[in-house]
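**Student:** Take this structure, written in structure tokens, and hold onto it; I'll ask about it next.
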Amino acid sequence: MFEEEHSKNYTPLQRLRHSTAHLMASAVKELYPNAKLSIGPATETGFYYDFDLDHSFSTQDLAKIEKRMRQIAAKKKPFQRVEVSKEEAKKFLQEKGETYKLEILKSIPDGETITYYQHGEFIDLCEGPHVEDTSQIGAFKLLSVAGAYWRGDESKPMLQRIYGTAFFTQKELDDYLELLAEAEKRDHRKLGKELDLFSSMENLGPGLILWHPKGAMIRQIIEDFWRAKHQEHNYLPVYTPHMAKLELWKISGHADFYQENMYTPMEVEGQDYEIKPMNCPFHVQIYQSQTRSYRDLPLRYGELGTVYRFERSGVLHGLLRVRGFTQDDAHLFCRPDQIQEEVEKVLDLTKDFLGSFGFTEFELYLSTRPEKSVGSDQNWEIATQALRGALEAKGLKFQVDPGEGVFYGPKIDLKIKDAIGRLWQCSTVQVDFNNPERFALSYIDQGGKKQQPIMLHRALMGSLERFFGILIEHYAGAFPAWLAPTQVKILPISQEIGDYVQGVEKALKKAGFRVELGDSGDKLGQQIRQAQLQKVPHMLVIGKKEAQDQVVAWRSRQDGDQGTLSLEDFMGRLQTLTKNFN
């Protein structure tokens, strides 16, 4: 397939976007005849096309290309499909000097139908499908340019990727562009710097995160809440090391199935060790450390475990895609007859936990057996029906995602919807027959015989880094009071009332609130502006009159001035306002 996409399954919108990618490529070839074509598929949010060209595309170039696209579209040129032999295709590509298309052509098995699509003078080898003619492409916009290695391989040439989007109507496009503008304001990388939450330094290494004091405070709050919830739901805390002998990863299958995401083994006293990409084998070892009875099950192990995975630098993205991250990991060991009940409990905990952070809208997906998998048909059927049964028992709407399970079992994925309607993959629960078999896990049943337990993999946040990035964007950095690193900022407007101000600060801290003291040397307007920029939820203005009357003037980040009241009354109200959503 010339664009390496399963394009026969394109939806009408994907078909439109695929056609717009071709329209863009034709405009580029007219304006820059030396450009070599690579691939140009539709994506979830639009389309892109990769080009090899000495000239670097600029913002002005995008405007020129977009203008030419509109001119070509207005000519109502039909998209014509033509079948050719592999030899004919090869000859055509050689004549055009399209080296990247030639490389794709070589990977297509002999005997497979080769097609190209033509509109006007532009011809592109492609499987399709497309709209009928260029006039059907109306509402589109070119968005940005980025570098992209050919076939994602850093050893291959760097191409220029032009991103764009297209919709059926101008209103849909306008709404999407408005969403993009709002998303840009909420970008966690920008806000993370402005609010002094985290950073990732080049000399530290890409994809490795430094949590600054304010970001670390929020992380600690999340971790404490996570631990409390898991204790409430009868999970047992465990801690595991950051590396283990390579042999462990061979037994688990990671050395075979996950090698490209693991770092190079290191030698320790003649033994190969591997930095952990997963926590699962360690939890298996804890289970295996003693004989288990059917009465012991289910066993629920929970860990905030830091793992390390190799991600290419081109896909790293702030907190959302990193190389070192902490999973909110849990592994449940149960009998086959307990699977559905345990999954139901996981779903309850997931909804409860995410709801506490303000996420109440979500989509659920039941992912079934992929083409490459391990395990018997019977086990897959038992596991899939247990997951389906749990979803139905809880009355949850879900979509079936055929073939998208993991190699060792089916899974349920939950995507949360943020404040501006974007979906984020966070929570998952996966059934695993494979690891118990590989590690020869067992429990003693009622008859005194050994039986193999079932293992459930489960995460609520996915990882602390990713979840924190999502939280920043969901709240645009203005965290609710229970999560805010600074809950109250005291704004003194006179140096003569230092004793009273310090007394207020001490009382608030003693009551457990997170407090910051402003600089009395700054003007009040400046102090308020600074607190607003730092998105502090509550401010207390204290001057000579407030000190004399033993009161505070309360100002809310969201609602402005709230009047004057005693410190005790303010703390009472703050106690309510700093509770989480539960």
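The values are calculated or read from the model by the stated rules, or taken from the named source; none is laboratory data. If you're wondering where the values come from, they're calculated on a predicted model, not measured in any experiment. Cβ placement follows ideal geometry from the backbone for every residue including glycine, while neighbour counts extend to all protein chains displayed.
**Student:** Which residues, counting only those in the stretch 78-89, are within 16 Å of residue 128 (Cα to Cα) and not hydrophobic (A, V, I, L, M, F, W, C)?
**Tutor:** Of everything in the stretch 78-89, those that are within 16 Å of residue 128 (Cα to Cα) and not hydrophobic (A, V, I, L, M, F, W, C) turn out to be 78, 80, 81, 83.
**Student:** Restricting to the stretch 45-56, name every residue that is closer than 13 Å to residue 167 by Cβ and part of a loop (DSSP other than H, G, I, E, B).
**Tutor:** The answer is 45, 46.
**Student:** For the stretch 84-103, how many residues meet the condition of being of a type in the set (A, V, I, L, M, F, W, C) and either buried (at least 20 other Cβ atoms within 10 Å of the Cβ) or within 20 Å of residue 12 (Cα to Cα) (or both)?
**Tutor:** 2
**Student:** To continue, here is another question. Scan the stretch 307-318 and tell me whether some residue there is surrounded by fewer than 16 Cβ atoms within 10 Å (Cβ to Cβ), in contact with a helix residue (DSSP H, G or I) (Cβ under 6 Å, 6 or more places away or on another chain) and at pLDDT below 95.
**Tutor:** The answer is yes, given that some residue of the stretch 307-318 is surrounded by fewer than 16 Cβ atoms within 10 Å (Cβ to Cβ), in contact with a helix residue (DSSP H, G or I) (Cβ under 6 Å, 6 or more places away or on another chain) and at pLDDT below 95.
**Student:** Something else now. Output the residue which, of all residues in the stretch 186-240 that are β-branched (Val, Ile, Thr) and under 18 Å from the mean Cα position of the chain (by Cα), is nearest to residue 352 (Cα to Cα).
**Tutor:** This residue is 222.
Matching residues to (1) among the β-branched types (Val, Ile, Thr); (2) modelled with pLDDT under 90; (3) farther than 24 Å from residue 172 by Cα:
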{"position": "99", "(1), (2), (3)": "yes, no, yes"}
{"position": "102", "(1), (2), (3)": "no, no, yes"}
{"position": "109", "(1), (2), (3)": "no, yes, yes"}
{"position": "136", "(1), (2), (3)": "no, no, no"}
{"position": "148", "(1), (2), (3)": "no, yes, yes"}
{"position": "154", "(1), (2), (3)": "no, yes, yes"}
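**Student:** Return only the number of the condition from (1) of a type outside the set (Phe, Trp, Tyr); (2) free of Cβ contacts under 8 Å to residues at least 60 places away in the same chain; (3) over 25 Å from residue 466 (Cα atoms); (4) crowded, with 19+ Cβ neighbours inside 10 Å that residue 366 does not satisfy.
**Tutor:** The number of the failed condition is (3).
**Student:** Can you confirm whether residue 290 is in a loop (DSSP other than H, G, I, E, B) and over 27 Å from the mean Cα position of the chain (by Cα)?
**Tutor:** Judged against the criteria, residue 290 is a match.
**Student:** Looking only at the stretch 529-582, how many residues end up being farther than 24 Å from residue 197 by Cα, of a type in the set (S, T, N, Q) and touching a helix residue (DSSP H, G or I) at 6+ places or on another chain (Cβ under 8 Å)?
**Tutor:** 3
**Student:** Could you check how many residues of the stretch 158-175 are in contact (Cβ under 8 Å) with a residue 60 or more places away in the chain and surrounded by 15 or more Cβ atoms within 10 Å (Cβ to Cβ)?
**Tutor:** So the answer is 9.
**Student:** Now a separate question. Which condition breaks for residue 105 when tested against (1) under 40 Å from the mean Cα position of the chain (by Cα); (2) over 22 Å from residue 42 (Cα atoms)?
**Tutor:** Only one criterion in (1) under 40 Å from the mean Cα position of the chain (by Cα); (2) over 22 Å from residue 42 (Cα atoms) is unmet by residue 105, namely (2).
**Student:** Also: Tell me which residues, restricted to the stretch 438-455, are in contact with a Phe, Trp or Tyr (Cβ under 7 Å, 6 or more places away or on another chain) and either closer than 24 Å to residue 256 by Cβ or surrounded by fewer than 19 Cβ atoms within 10 Å (Cβ to Cβ) (or both).
**Tutor:** Matches in the stretch 438-455: 441, 444, 445, 446, 451, 453, 454, 455.
**Student:** A follow-up question, please. Going through 501, 488 one at a time, which residue ends up being β-branched (Val, Ile, Thr) and touching a Pro at 6+ places or on another chain (Cβ under 7 Å)?
**Tutor:** After applying the criteria, what remains is 501.
**Student:** Can you list the strands (runs of 3 or more DSSP E) lying wholly within the stretch 456-547 that have 2 or more residues being surrounded by 22 or more Cβ atoms within 10 Å (Cβ to Cβ) and not charged (D, E, K, R)?
**Tutor:** By residue number, 488-492, 538-542.
**Student:** For the stretch 25-57, which residues satisfy the criterion of being touching a residue at least 60 places away in the same chain (Cβ under 8 Å) and surrounded by fewer than 16 Cβ atoms within 10 Å (Cβ to Cβ)?
**Tutor:** 45, 53, 56
**Student:** If you take the residues of the stretch 246-288 that are of a type in the set (Val, Ile, Thr) and touching a residue at least 12 places away in the same chain (Cβ under 8 Å), which of them is surrounded by the fewest Cβ atoms within 10 Å (Cβ to Cβ)?
**Tutor:** Per the criteria, the residue is 251.
**Student:** Could you give me the residue pairs with C-beta distances under 9 Å whose first residue belongs to the stretch 194-217 and is in contact (Cβ under 8 Å) with a residue 40 or more places away in the chain and at negative phi, whose second residue is surrounded by fewer than 13 Cβ atoms within 10 Å (Cβ to Cβ) and in a strand (DSSP E or B) wherever it lies, and which are 6+ apart or on separate chains?
**Tutor:** Short answer, once both residue conditions are applied: 198/210; 200/210.
**Student:** Considering only residues that are within 23 Å of residue 533 (Cα to Cα) and in contact with a Phe, Trp or Tyr (Cβ under 9 Å, 6 or more places away or on another chain), look in the stretch 549-563 and name the one that is surrounded by the fewest Cβ atoms within 10 Å (Cβ to Cβ).
**Tutor:** Across the stretch 549-563, the extreme among qualifying residues is 563.
**Student:** Quick check on the stretch 343-350. Is at least one of its residues surrounded by fewer than 21 Cβ atoms within 10 Å (Cβ to Cβ), closer than 30 Å to residue 446 by Cα, in contact (Cβ under 8 Å) with a residue 24 or more places away in the chain and in contact with a strand residue (DSSP E or B) (Cβ under 7 Å, 6 or more places away or on another chain)?
**Tutor:** No, the stretch 343-350 has no match at all.
**Student:** Go through the stretch 246-276 and count every residue that is assigned to a helix (DSSP H, G or I) and either of a type in the set (A, V, I, L, M) or in the same structural domain as residue 323 (by TED's automatic domain parsing) (or both).
**Tutor:** Number of matching residues: 4.
**Student:** So which helices (runs of 4 or more DSSP H) stay within the stretch 158-245 end to end and still have 2 or more residues that are more than 30 Å from residue 43 (Cβ to Cβ) and aromatic (Phe, Trp, Tyr)?
**Tutor:** By residue number, 213-232.
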